[in-house]
Amino acid sequence: MTFTHLHVASSFSSHYGTATPAELAAAAAASGAEALALTDRDGLYGAIQHVAACAEHGVTPLLGADLAVAGYGRVTVLAHGSADGYTALCRAVSAAHRGTSATGSSPDPQLSRETLAQYVRGAQASSCRLFVLLGPESDVGLAAAARRYRAARTALRQWRQALGEAVYVELVTHLAPPGERLSTAHAARMLSVAETCRTPSVLTNAVRLCAAEQAATADVLDAVRVLSDLNSAPLQPNDQGWLKPPDQMRRIAEEISAVSTSSANAAQILTATAELAAACRLNPAQHMSYGSPKIPEASVIGVQGSAEAELRLRCEQGLGERLEEPEVHRRLEHELAIIADLGFAGYFLTVAEVADLITGLGVRCAARGSGVSSLVVHALGISPIDPLAHGLIFERFLSRQRTTLPDIDLDVESARRHEIYRKIFERFGAQRVTLMSMQNAYRIRGALRDAGMALGMPAEEIDQLADIMWRFPACEFRQALESKPELKQLAERLNAERLSGRAQLDLLVDLTERLDRLPRHIATHPCGVILGDKNLLNLTPVQPSGVTGLPMSQFGKDDMDPAGFIKLDILGVRMQSAIAHCLEEVERTTGQRIDLDAIDDEDKPTFDLIRSTNTLGCFQIESPGQRELVGKLVPQTFEDLIVDISLFRPGPMGAGMVRPYLERRHEFEPVRYLHPSLTPILEETLGVVIYHEQVLRIFCTMTGCGLDEADGLRRGLSEGDRIAGIERFFRAEAAEHGYSQEVIDEIWRQLVSFGSFGFCKAHAVAFAVPTYQSAWLKAHHPAAFMAGLFEHDPGMYPLRLLVAEARRLGIPVLPMDVNRSTGHYRLEELTTTPQAGQPAWGIRMALTTLKKISAAEIRRIEREQPFDSLADVRDRATPRSSTLKALAQVGALDSFLPEGTGRHRRHDLYAWIERSGRLRAKQPPPPQVHGQLALPLADTEISQLPAVLPGPTDTEVISTEMALTTVDSSGHVMSLYREQLDAAGLTYAEKLLQQRSGALVRVAGIRVATQTPPMVSGKRVVFISLDDGTGLVDLSFFEEGQANTGEILFTARMIMAEGTIRRTGPRAVTVQATRAWDMDDVSR
Amino acid sequence: MTLTAGLTEAVEVVTDDHGCPVHLWWQNRGYDVVAEPVRWFARRRWWIEEARAERGRAGLVAQEIWRIQIQDPQTASRSTVDVGRSLPADRWRLLRIHEVPAEPEEVE
């Protein structure tokens, strides 16, 4: 006998279920199940994984959802095993989310019984598209739990009236203590009620665990769900909500019928369960169109004839004269033939349409990803990159052998992403488009916080512990306690507690490990847009996204390909917005319009800047690691940038490709090619295998396989179980093609060690374009470029470091001024006439720099500018008193102070605002006459301001700025520590390059970046960058340095460190730290 | 009336293939289990009672409890007792002795 579980929650029922769909399907299969349902709470989040896992285990999938019905409790809704059934389920789930929102204070999803009834009834009145199971959490079940039999029967009759044959009673016992909720008696009462009302009963186990051992995890989730601790939260009665095997379920059926007075026996209950399961069996391909690509109809984008013909026409138009080059012509025909075979012409036309929409909005747009490998993509104007010029291979993107759907990514200005999304919805119709979602899963810090909350630990203690945790998998917490120096103190505390008989920290570690990777909440994916045909919303449930007014699918990135959804990645890239802002500022101030696609790609000032490693703010090459690599690599050409970007990736770095390449580049090691046939392939990287494209060509050349097959082999290199087969094939075929054993051995060694870790050159080329563009702008228009960076903060560094960089470049940073600052960072012509060699433009700090100012206040200030007095600001811009005071404190009101006094009167001004604010609060506000202009009276209020208080000192000014704004714009935060620093004998960043290698130094600064990149050795190295006001100090902490520094490694903001100078290239120097302190600790 | 929890003591229980008690050894005397036993799983406050809660630990959250009627084969006197099974060690303890045999709930 088998048993089908009809009510199963996976971990996608967030803060409820504990097992992944894959675990559940595997367990069901192991117990001999023929079918398995997944019915997550409020959604189908795990549906695609469930279908895939069931297919893998030879189990038939059933799908449903556990939904709240307004006023009637929670019920299990199961889809009938048909396309109509699945569609009704998707629509019902979407309906339950109508009226919710993606923000924190959203009402819980629920639907009315009337709405549910609409989806239940099919086209024919007799057939049900959905079945509704009334279990322990339904109104019927709640009444039965309270032994209110009559109420239970009345409730059930109402359900029958509303939904007819679709209604089932769901019997559940978790074998709770006699008489309690989820006890066998509870189920027996339900059975009696069902019999009285002539409603069929089915048995489920309301599963939320794969095995009983997961129950402690579920307890923690129960507590966290209600933001409470284990002592006070309502918890599950015990650990019995697990996926029990058939014999145990049969026994449960027997126990229920034994206790019940009903005439129904166990066999009848189990038969009814099996019959309902049979009616719900889904055929994913037929009922969910699982696996078939869903593309917008060609007619939507205005194509009347065949999509193939249209695509050809547009490509030919796009390529124009270049078609006469035989190579171009051949490549186009090759790509078009593959696209036609796969039926993807409509997809390419759709992406082209989207790219046109974006450029039509005047938004910067750049293609990214392997799609850049396609000449068709280039010809359609989606990507400016000519794949032939860089040796990019179409098969890396799409081939007859590639079973995945094509994926073209577009980078757009981040600030305008939502505008683009709305345009796409408008253009294709809301029924064909939805955003994609993503599940945020527990990681170490979140897991620790929630485990701590469940244990009832004080919030401050949890916060302190969470701050020490640095990027390791939560499930390895206990291991990390032993190996990570920053956790040493915690480990000691844990041992001390254990000795004294307390266990809270031990439990904290265990529970944190248990939460690892469980989904926490769903969010809008940062870039995925799903495009389909008019049936899209029949195939995916949707709910409100974080983008106002637009829905998102309940499915995520990994669901797209197996299910056959086509997604377009439209990624908001802040660098594109920064570049756009820069270009606008150049045009606004000089009238010059720059076409970045037309700039010289061998520009000397640009490469000089890159080689100087002063690349802060440049796309992709600003991190400490990249600056070091750029310093060693010394790029001369655009191709060098491509190599640089490819090398600075986890794969190539982890596989140790960097060193051999650099050794050969600087001629410390001779360049050798193992075989003349490989020379043209490996020439561009001096014989080192770096690019995926090179691996493809090597396979192709040495075995005679096609490029499509070669890409399959390349992907196989990272799948452990395929390597042996690939090696056999490679050795046999290469020998057949006349390669010597020695060459085969060596090349295979390189392929195996490097092949799966390399980087796709197409990606690197796509990255290199904005890298070069940003460097070009920094070299030629530094002020406008820095304004763009300030405005959109695109990189890894905080604004305060970018301001320091502007200062270093000699660009005047103009302080916030209520009469001149706006909501944006703008260039402003300096009032003093510049002398030769001095800049004519400064950057005016934006009002947004003030931490607590509101968008409405900024709008009012912008609208009413200029102001002639403090009173004028108060009357017309009506800022909140706190904002006005903050403006005074940071000097934004200095211009109203008597000529020449400036900041020396700031304290008086602040005191006056505070005093007069209090007086005003006591009086009724003066009547405002609409349209009345403020009289340009002399500012008597300010001119008569009594001079009482001394002006702020330099350090006061800076600490005020640090407190009220995001940046220390008038000086450097380091000056707050002057006394401490003067005594320390520091070496500043600007002097580090002059130090000899091995010299001992002491450095200090504010932390601006922390990184732990993958290392060849596998050992963790922590890189911390400090800004000391003269530049960046890059610190590296190896084992000893980490151990000596301990807990503050990842927590201290102001750091002082000792170490030795390590020179790694002509412009590259790091300090290998032996220990570091928290400067705020020392000063205390 | 039941004994307080503090007075639990170790017993030996013989079970059938389904884990259902059929025989009980208590203070060196053997008892037969008569009548249909009732079982349930009772929650444990494991975060207070236990020092560890690592993944995979069995019997952390709940304890299996059987309410059984036992008969002394020599005297034929019957009593109702609750016995609990503890995992992972798989040990049994006598939890309560009922003076008045508890009747199962009548379901209307």
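Between A:GLU165 and A:ASP745, what FRET efficiency follows from the Cβ-Cβ distance if R0 is 60 Å, with the result rounded to 0.05? Calculated value: 0.30. Gyration tensor over the Cα atoms of the stretch A:686-753: the corresponding equivalent ellipsoid has semi-axes (square roots of 5 times the eigenvalues, largest first) of 16, 14, 12 Å. Label zone (A:SER677, point 7 Å along Cα-to-C-beta; backbone nitrogen cut-off 13 Å) within the stretch A:696-727: A:697-706. Per-residue shielding of A:18-29, expressed as the average number of other chain Cβ atoms within 10 Å of the residue Cβ, stands at 0. One quarter of the convex hull surface built on the alpha carbon atoms of the stretch A:443-517 amounts to 4.3 nm², the projected area averaged over directions. With kT/(6 pi eta Rh) evaluated at 10 °C and eta = 1.306 mPa s, and Rh the Kirkwood radius from Cα pairs, the stretch A:994-1044 diffuses with a coefficient of 129 µm²/s according to Stokes-Einstein. A Förster radius of 22 Å, combined with the Cβ-Cβ distance separating A:ASN819 from A:ALA840, puts the computed FRET efficiency at roughly 0.60.
Extension gain for the segment A:ASP108 to A:ASP407, taken as residue separation times 0.36 nm less the Cα-Cα distance, is 104.2 nm to one decimal. Taking the accessible area of the protein assembly as shown, probe 1.4 Å, and keeping the other protein chains in place, the carbon and sulfur fraction comes to 50%. Taking label positions 7 Å along the Cα-Cβ direction at both A:ALA309 and A:ALA279, the computed distance is 5.0 nm, reported to one decimal. In the stretch A:44-95, the alpha-carbon atoms span a convex hull of 78 Å³ per residue.
The gain in end-to-end length when the A:ALA267 to A:LEU361 segment is fully stretched comes to 27.2 nm, 0.36 nm per residue minus the alpha carbon separation. Model label points for A:THR1012 and A:GLN118, set 7 angstrom from Cα along the Cα-to-Cβ axis, are 5.2 nm apart. For chain A, the longest principal axis of the Cα atoms and the long axis of helix A:741-754 meet at an angle of about 90 degrees.
Pairs of Cα atoms in the stretch A:973-1083 fall into 5 Å distance bins, from 0 up to the last occupied one, in shares of 2, 13, 25, 26, 20, 10, 3, 1, 0 percent. Take the Cα of A:ASP558, go 7 Å toward its beta carbon, and the backbone nitrogen atoms of the stretch A:507-536 under 20 Å from that spot belong to A:513-530.
Entry for the stretch A:291-378 at q = 0.15, 0.17, 0.26 Å⁻¹: log10 I(q)/I(0) = -0.61, -0.78, -1.45, Debye formula applied to identical alpha-carbon scatterers, no solvent contribution.
Please compute, for peptide B:45-52, the average count of beta-carbon atoms on other protein chains lying within 10 Å of each residue's beta-carbon.
Across the residues of B:45-52, the mean count of other-chain Cβ atoms within 10 Å is 6.
With the charge dipole of the stretch A:973-1083 set up from +1 on Lys and Arg Cβ and -1 on Asp and Glu Cβ about the Cα centre, the Cα lying farthest toward the positive end among the listed residues A:THR1064, A:LEU1032, A:PRO1014 is that of A:THR1064.
Where does helix A:246-259 land angle-wise versus the long Cα axis of chain A, in degrees 0 to 90, nearest 10? Tilt of helix A:246-259: around 60 degrees.
Bridgeable lysines around A:LYS632 (alpha carbons under 19 Å apart, same-chain partners fewer than 8 residues away excluded): A:LYS604. Peptide packing for A:79-91, A:24-36 was compared via the average number of neighbouring C-beta atoms within 10 Å per residue; ordered from the highest value, the list is A:79-91, A:24-36.
A Förster radius of 35 Å, combined with the Cβ-Cβ distance separating A:GLU461 from B:THR8, puts the computed FRET efficiency at roughly 0.50.
To the nearest whole percent, what portion of all C-alpha pairs in the protein assembly as shown is separated by more than 54 angstrom? When every Cα pair of the protein assembly as shown is considered, 34 percent fall beyond 54 Å.
Normalised by the number of residues in chain B, what is the relative contact order in percent for Cα pairs under 8 Å and 6+ residues apart?
Relative contact order, chain B: 28 percent.
So what does log10 I(q)/I(0) come out to for the stretch A:357-453 at q = 0.20 Å⁻¹, using the Debye formula with one equal point on every Cα and no solvent? Result of the Debye calculation: -1.05.
Highest average first, the peptides A:685-698, A:818-831 ordered by how many other beta carbon atoms sit within 10 Å of their residues are A:685-698, A:818-831. Computed with a 1.4 angstrom probe on protein heavy atoms, the A-B interface buries about 2900 square angstrom of accessible area in total. Label zone (A:PHE668, point 7 Å along Cα-to-C-beta; backbone nitrogen cut-off 20 Å) within the stretch A:1012-1029: A:1015-1018.
Do any residues of the stretch A:478-516 lose at least 10 Å² of accessible area when the full set of protein chains is present rather than just their chain alone, and if so which, with a 1.4 Å probe? Checking the loss per residue gives A:ARG478, A:ALA503, A:ASP506, A:LEU507, A:ASP510, A:LEU511, A:GLU513, A:ARG514.
Between B:SER86 and A:ALA523, the modelled labels are 4.5 nm apart [label points 7 Å from Cα along Cα→Cβ]. Per-residue mean of foreign Cβ neighbours for B:58-68 is 5 (Cβ atoms of other chains, 10 Å radius). In chain A, the longest principal axis of the Cα atoms and the axis of helix A:707-716 are about 80 degrees apart. For A:SER201, the residues whose modelled amide H falls within less than 5 Å of its own, excluding neighbours fewer than 5 places apart on the same chain, are A:VAL169. One chain, two ends: A:ASP1081 and A:ASP608. Fully extended at 0.36 nm per residue, the span grows by 166.1 nm beyond their Cα-Cα distance.
Computed over the stretch A:593-770, the P(r) tail beyond 30 angstrom holds 25 percent of alpha carbon pairs.
The orientation-averaged projected area of the convex hull spanned by the Cα atoms of chain B comes to 8.8 nm². Straight-line reach from A:LYS423: taking Cα to Cα under 12 Å and skipping same-chain neighbours fewer than 8 places apart, the aspartates and glutamates in range are A:GLU353, A:ASP356. Under 16 Å of direct C-alpha separation, and excluding same-chain neighbours fewer than eight residues apart, A:LYS557 reaches these lysines: A:LYS294, A:LYS567. Here's how it looks for B:THR15: its modeled amide H is under 5 Å from those of B:VAL22, which are all 5 or more places away or on a different chain. Taking the square roots of 5 times each eigenvalue of the Cα gyration tensor of the stretch A:388-525, largest first, gives ellipsoid semi-axes of 45, 21, 14 Å.
The values are calculated or read from the model by the stated rules, or taken from the named source; none is laboratory data. Source: prediction; values computed, not measured. All Cβ positions, even for glycine, are placed from backbone atoms using ideal geometry, and neighbour counts span all protein chains on display. Side chains included, ligands, DNA and RNA excluded: accessible areas come from the protein's heavy atoms. Shrake-Rupley method; radii C 1.70, N 1.55, O 1.52, S 1.80 Å.
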